[in-house]
Amino acid sequence: MNYLLFTIDFEPDYPPMGNTFLGIEETSKILGLLASWSIRATFFVTAQLAQKFPDVIQTIQNAGHEIGCHGWRHEALSKNGVLGITAIPRAMVKPTITQATDILTAICGSSPKSFRAPYYSYSHKILPLLVMLGYVVDSSRLANPYLSNSVLPYAPFTLQGDQRYFLEVPVHSGTTNEGINYSGLCSYSLRLAGLEAVQSATLKLIRKQENEHSVSVFSCHPWEFVANPPWKDTQNIFIWKDSDKLYQRLNDYLKFMSANFHPISLTMCQFQQNWKFSSYPESL
Ligand SMILES: [Zn+2]
């Protein structure tokens, strides 16, 4: 069984540089593309965005996708994240995530069950808070198909038996902290490295799993689809290359996945219910 977990981080444009929401205007095209490949996706949404665009969130839910939490205003939760963004004070993490969860619950009609830390600022110290708030999945930890051994989902708790249902689902992004450009399964790599590089990263990832099941986690941002974006790349972090070709490349990538792996597409929550994760323990 090959699982494809398609994720979209729904947030302000190009954080932390932008404070606009032009990416939201891409929603219907993104939903159309997902529908054409029968993809059930997980949208990790900042609570601020959900407050500004509740109708968009409703449309996404009506299309059968899951709404997960991506922080309140896209604040870094620990120093571990990409881009070297300064984290909010430790004392602010609990109230920030609690408030974001409450806002999403009110807008969505049910509480979010999946979480992704902004900037992939993963910290295992946050996991007990997520459990307390009712989450069952965290998908914040970067795992590069070319570098990391921890590419499979696992239960991060080994001792607290009643918490073994909680699943960590690593993200197969190409970003590394070493500044080396390896391609991953993400829109960033599709733009900068191209379709063939992402296909080859996927083959590498699936071969590496050597399991009867494989899991591929693809991630993207709506603002990466905005052609000729107005915001400035003042820190030269993202090169604005090939935004206008991203839909076509993503479509071709999903075609490649479909033809080669016949993947089962699930939301994070659906996947958590299906995955037998007891054989992949990792202690805190
Ligand atoms: Zn984000």
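The values are calculated or read from the model by the stated rules, or taken from the named source; none is laboratory data. These numbers come from a predicted model, not from an experiment. With ideal geometry, Cβ positions are generated from the backbone for all residues, glycine too; neighbour counts draw on all protein chains shown.
For segment 195-212, indicate whether the set of residues that are at pLDDT 85 or above and in a loop (DSSP other than H, G, I, E, B) is non-empty. Taking every residue of segment 195-212 in turn, none turns out to be at pLDDT 85 or above and in a loop (DSSP other than H, G, I, E, B).
Note on segment 80-109: among residues that are in a loop (DSSP other than H, G, I, E, B) and within 16 Å of the ligand (Cβ to nearest atom), the one that is nearest to the chain's Cα centre (by Cα) is G81. On the basis of being away from the ligand (no atom under 16 Å from the Cβ), among the hydrophobic types (A, V, I, L, M, F, W, C) and surrounded by 18 or more Cβ atoms within 10 Å (Cβ to Cβ), does L49 make the cut? No, not satisfied.
Pairs meeting the criteria (first residue in segment 128-139 and surrounded by 18 or more Cβ atoms within 10 Å (Cβ to Cβ), second residue β-branched (V, I, T), beta carbons under 7 Å, at least 6 apart or on different chains) are L133/I97; L133/T98; L133/T101; V137/V169; S139/T7; S139/V169; S139/V171; S139/V217. The residues of segment 262-276 that are under 14 Å from I39 (Cα atoms) and part of a loop (DSSP other than H, G, I, E, B), listed by number, are H262, P263, L266, T267.
Give segment 110-125 a look and list any residue that's basic (K, R), over 10 Å from the mean Cα position of the chain (by Cα) and either part of a loop (DSSP other than H, G, I, E, B) or within 16 Å of the ligand (Cβ to nearest atom) (or both), or say none. Once the filter is applied, which keeps residues that are basic (K, R), over 10 Å from the mean Cα position of the chain (by Cα) and either part of a loop (DSSP other than H, G, I, E, B) or within 16 Å of the ligand (Cβ to nearest atom) (or both), segment 110-125 yields only K113.
Within segment 10-39, the set of residues being touching a Leu at 6+ places or on another chain (Cβ under 6 Å) and either more than 16 Å from the ligand (Cβ to nearest atom) or assigned to a helix (DSSP H, G or I) (or both) comprises just one member, W37. Hey, does segment 131-139 have a residue that's over 23 Å from I39 (Cα atoms) and assigned to a helix (DSSP H, G or I)? Within segment 131-139, one or more residues are over 23 Å from I39 (Cα atoms) and assigned to a helix (DSSP H, G or I).
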